[in-house]
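The values are calculated or read from the model by the stated rules, or taken from the named source; none is laboratory data. It should be emphasised that the depicted structure is a prediction, and the values quoted were computed from it without experimental measurement. Cβ atoms come from the backbone with ideal geometry, glycine included; neighbour counts cover every protein chain shown.
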């Protein structure tokens, strides 16, 4: 399971 | 958060406010590409769907809501409120030639093959070329009002500052996102020609005139 990278940038 | 990303976001915010004020105050969208503004509305809509799923910070949420609201407000002002001043003849870039490749590329190169991730990737690729209709329009009309060039300078600087942010994050947090970085470099490079004209002309009080 590839952890969905949290996109913390706008 | 770091100073580069913060100033980048503020430059982005400033660009959007400059554009909204220009259209609202002059009650005209002459010289503004409605197609680029439609692309930006698509970019923010497909990128900020995670507004409802993941909470990053109050700042992040507020900025996303502002970018979404302002992009739709701008499209509304151009295509509805001040439609009479919209310059159809010079805003002729075929945006399907930008949307389709972004869709295909997002399906081929992404971090995860999930709907949200594909849409985020599509939005990153589309944003890198979303300004092309506007730059194309400026080259067709051969000039831009100084307020429009200030808008473009702020908008182009935002992603350029993000590149500094990505260097900083790689050095300090060993964090990097190649998709965002490559697209961000392409996006910033597209402004280089404009940056040159802006710095050599507009800052000297001259009008932005492109060599015909």
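Some notes on this structure:
- Enumeration of residues in region B:70-115 that are touching a residue at least 40 places away in the same chain (Cβ under 8 Å) and within 15 Å of residue B:31 (Cβ to Cβ): B:74, B:77, B:78, B:82, B:85, B:86, B:87, B:90, B:91, B:92, B:93
- Residue match in region B:111-124 (condition: at pLDDT 95 or above and within 30 Å of residue B:206 (Cα to Cα)): no
- All positions within region B:178-197 that are more than 17 Å from residue B:153 (Cβ to Cβ) and free of Cβ contacts under 8 Å to residues at least 12 places away in the same chain: B:178, B:182
- Positions within region B:48-65 being more than 8 Å from chain A (Cβ to nearest Cβ) and in contact (Cβ under 8 Å) with a residue 60 or more places away in the chain, in sequence order: B:49, B:53
- Taken together, the residues in region B:98-116 that are surrounded by fewer than 19 Cβ atoms within 10 Å (Cβ to Cβ) and in contact with a helix residue (DSSP H, G or I) (Cβ under 9 Å, 6 or more places away or on another chain) amount to 12.
- Positions within region B:160-172 being more than 11 Å from chain A (Cβ to nearest Cβ) and either crowded, with 19+ Cβ neighbours inside 10 Å or modelled with pLDDT under 95 (or both), in sequence order: B:160, B:161
- Among (1) in contact with a helix residue (DSSP H, G or I) (Cβ under 7 Å, 6 or more places away or on another chain); (2) within 19 Å of residue B:202 (Cβ to Cβ), the one test that residue B:163 misses: (2)
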